[in-house]
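Written out below as structure tokens is the structure these notes cover.
The values are calculated or read from the model by the stated rules, or taken from the named source; none is laboratory data. All figures in this text were calculated on a predicted structure; none of them were measured in a lab. Note that we place each Cβ from the backbone using ideal geometry, even for glycine, and neighbour counts take in every protein chain shown.
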Amino acid sequence: MIKAFTMEFHKIRRRRIWAIVAALIFVQMLWSLWGVQSMDAHDLSQGWMYFLYQFPILNSIMMPIIAAVVASRLCDIEHKGQTLKLLATIMPAGRLFTAKFLCGGLYMLATVLLQLIVIVAVGCAMGFEGKVPLDKLCYYLLFTTAVNLTILLLQQILSLLIKNQMIPFSIGIIGSFAGLFILYFPQNLAKFLLWGYYGVLMLVGMDWDRATRITNFHFVPVDWTGFITLLIMFGVIYSIGRALFIRKEM
Amino acid sequence: MSDIITTTGLCKQYGKVLRVKDLDLKVPEGVVYGFLGPNGAGKSTTMKMLLGLARPTAGTITVFGRQVDSRNRLAILKDVGSLIESPSYYGHLTGAENLQIVSTLKGVPAKDISRVLQIVRLENQKGKRVGQYSMGMKQRLGIASALLGNPKLLILDEPTNGLDPAGIQEMRELICSLPQQYGMTVMVSSHLLSEIDQIATYVGIISSGELVFQERLSTLHARSRPSIAVRTLNNQAAALILAEQGISCLTQENHLLLPRLSDNELAAHIAGLYERNIGVVRIEERSKSLEDIFLELTGTAVSL
């Protein structure tokens, strides 16, 4: 398995997948800087909560697209060079599937870790009130990674099974818009849509007072039911997708 | 000589169409086995089934004396190199990087890379990205990749497709040299009769999914030996007279087809006919070309 995993990194040499991650982080950093530049004392007092509210929303637009691009970059090299029929004679298809997923997963994990560095760095630089909420950031890391990996998994299955990469990519874009749109609906509805889980697993809620036009944030309890549902979704997608890939004839 | 590949009743159905029907292949060890058939006859499908890339609808496959199933397939394929339809490669990587990936996954030492590059004469191009290779170079890289680990069996599907005449000649020489130099058995498919004629020692001919001939190439050549066509004024009586003299002959469109005879023997038999008052009006030498035989077997025009 280690060989298969390291070979995935060999295969994507010069594919510049890291550039996609870097671009995303750069855009999110600019966004967060733009958001905090005009903060007053009230805003700074709930700065951490502001970030933990804003980033999941940003993620629901951007992460599905990043996952689609990463999965597509990892899988289209196999379609372009017709290498799947060679690989099928030298390694188990299931191992290739897992190795590819772990490779893509590492990029998605790196994205969230970099995001956390941006959050902490900008927060500290701007002087957000209170200590860095490490527990909340750990939950953020766990939940965002879990949603990212599930979406990546779905994208990888589509990218491996469908030669034309425009199809999985379009599904990724539609999913990202649907994920954002569903944030405006009741949370129970969002649980039916994989892309809506950035919102389902949000740690912060927002109250906006129409009269005073003041926004207040508050921490909300973790939706463990949502998280378990997501894990079940992951398990189901993984088993079905892997089985479909193994059964695929060349 | 034992058989390195045997299949029994191998079938493959796609939808309602049976693409391969009850195929009983026998590929002897240490030969170049030419798998010949018109386009769409089922050559690639058969080869894919041998490699486990397609699941047979029915039948069994035995390679190296072991019946192939989903559990032992990869263990058996460790000794098999393959090139199916077109070469597999990562275009953004160099030739050497491509081979490094395959050698690592196959568990073959990295030093084998330079050996196979030398065999296919790509050592000077190994640092170039494969996307910039010519078709011939990509095909040679595909062969190099198949040769990694010095497999006992090589399965090559139309390896000369897309090559220029010089490339075709080079590929033929390489394939012919593999059994002697490396003790490999090579199964090579082609729709070109002339190609199989030049490289194979055994031949299997497939037509519409069915194996219509499988023997030494020399046996196929034997079928193409010339015969003597004789036309007389009474073919029936002439056939009886020749049978008395121990010559069996076939009747074909007003002619009697005699086996190949020396000039003296033929002259004596003709004189014998004159003596019995049978007028001989035509004596012709007829020979069947390999293409005629192929056509006869497959009912399809052959590509030359």
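General observations
- Among the residues of the stretch B:216-247, those identified as of a type outside the set (S, T, N, Q) and part of a strand (DSSP E or B) are B:ARG216, B:ILE228, B:ALA229, B:VAL230, B:ARG231.
- B:PRO179 vs. criteria part of a loop (DSSP other than H, G, I, E, B), closer than 30 Å to B:ARG66 by Cα, at pLDDT below 90 and not small (Gly, Ala, Ser): no
For (1) buried (at least 16 other Cβ atoms within 10 Å of the Cβ); (2) away from chain B (no Cβ under 14 Å); (3) hydroxyl-bearing (Ser, Thr, Tyr), each residue gets a yes or a no:
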site: A:ALA178; (1), (2), (3): yes, yes, no
site: A:LEU194; (1), (2), (3): yes, yes, no
site: A:VAL236; (1), (2), (3): no, yes, no
site: A:ILE240; (1), (2), (3): no, yes, no
site: A:ILE246; (1), (2), (3): no, no, no
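- Long-range neighbours under 8 Å by Cβ, at least six apart or interchain, first residue touching a residue at least 60 places away in the same chain (Cβ under 8 Å) within the stretch B:197-216, second assigned to a strand (DSSP E or B) and acidic (Asp, Glu): B:TYR202/B:GLU215; B:VAL203/B:GLU215; B:GLU210/B:ASP22
- Search result, residues across the stretch A:110-136 that are part of a helix (DSSP H, G or I) and in contact (Cβ under 8 Å) with a residue 40 or more places away in the chain: A:ALA110, A:THR111, A:LEU114, A:GLN115, A:VAL118, A:ILE119, A:VAL122, A:GLY123, A:MET126, A:LYS136
- Scanning the stretch B:88-106 for residues that are in contact (Cβ under 8 Å) with a residue 40 or more places away in the chain and at the interface with another protein chain (Cβ under 8 Å from one of its Cβ atoms) turns up B:SER88, B:TYR89, B:TYR90, B:GLY91, B:VAL102, B:LYS106.
- Criterion applied to B:LEU211, B:LEU192, B:LEU261, B:LEU256 was being at pLDDT below 85 and surrounded by 16 or more Cβ atoms within 10 Å (Cβ to Cβ), and the one residue passing it is B:LEU192.
- Qualifying position, being under 24 Å from B:ASN98 (Cβ atoms), of a type outside the set (Ser, Thr, Tyr), away from chain B (no Cβ under 14 Å) and assigned to a helix (DSSP H, G or I), among A:LEU86, A:LEU102, A:LEU44: A:LEU102
- The numbered conditions (1) over 25 Å from B:ILE4 (Cα atoms); (2) more than 14 Å from chain A (Cβ to nearest Cβ) are all true for B:PRO109 except (2).
- Taking (1) modelled with pLDDT under 90; (2) within 21 Å of the chain's Cα centre (by Cα); (3) closer than 21 Å to A:ILE77 by Cβ in turn, B:LEU83 satisfies each apart from (1).
- Test: A:ASN148 is in contact with an Asp or Glu (Cβ under 7 Å, 6 or more places away or on another chain) and not aliphatic (A, V, I, L, M): no
- Considering residues of the stretch B:77-98 that are farther than 25 Å from B:PRO179 by Cβ and in contact with a Leu (Cβ under 9 Å, 6 or more places away or on another chain) only, the residue surrounded by the fewest Cβ atoms within 10 Å (Cβ to Cβ): B:ALA96
- Count of the stretch B:125-141 residues which are within 14 Å of chain A (Cβ to nearest Cβ) and farther than 13 Å from B:GLY91 by Cβ: 2
- Among the criteria (1) surrounded by fewer than 18 Cβ atoms within 10 Å (Cβ to Cβ); (2) of a type outside the set (Ser, Thr, Tyr); (3) within 14 Å of chain B (Cβ to nearest Cβ); (4) assigned to a helix (DSSP H, G or I), the one A:ARG14 does not fulfil is (4).
- The residues in the stretch B:54-76 that are assigned to a loop (DSSP other than H, G, I, E, B), away from chain A (no Cβ under 14 Å) and surrounded by 14 or more Cβ atoms within 10 Å (Cβ to Cβ) can be counted, and the count is 1.
- Test for B:SER145: is it within 20 Å of A:LYS3 (Cα to Cα), assigned to a helix (DSSP H, G or I) and within 11 Å of chain A (Cβ to nearest Cβ): yes
- Hits in the stretch B:144-169 (condition: acidic (Asp, Glu) and touching an Asp or Glu at 6+ places or on another chain (Cβ under 8 Å)): B:ASP157, B:GLU158
- Per-region count, the stretch B:107-136, residues assigned to a helix (DSSP H, G or I), surrounded by fewer than 21 Cβ atoms within 10 Å (Cβ to Cβ) and under 29 Å from the mean Cα position of the chain (by Cα): 6
- Considering the stretch A:104-132, and only residues there that are surrounded by 20 or more Cβ atoms within 10 Å (Cβ to Cβ) and not β-branched (Val, Ile, Thr), the residue that is farthest from the chain's Cα centre (by Cα) turns out to be A:PHE128.
- Any hit, the stretch B:218-239, residues being modelled with pLDDT under 85, polar (S, T, N, Q), loosely packed, with under 12 Cβ neighbours inside 10 Å and closer than 27 Å to B:ASN161 by Cα: yes
- Residue within the stretch B:142-159 that is without any contact (Cβ under 8 Å) to a residue 24 or more places away in the chain and surrounded by 20 or more Cβ atoms within 10 Å (Cβ to Cβ) present: no
- Flag if A:ALA67 is surrounded by fewer than 23 Cβ atoms within 10 Å (Cβ to Cβ), assigned to a helix (DSSP H, G or I), among the aliphatic types (A, V, I, L, M) and more than 14 Å from every other protein chain (Cβ to nearest Cβ): no
- Test: residue in the stretch B:20-36 that is within 9 Å of chain A (Cβ to nearest Cβ) and of a type in the set (Gly, Ala, Ser): no
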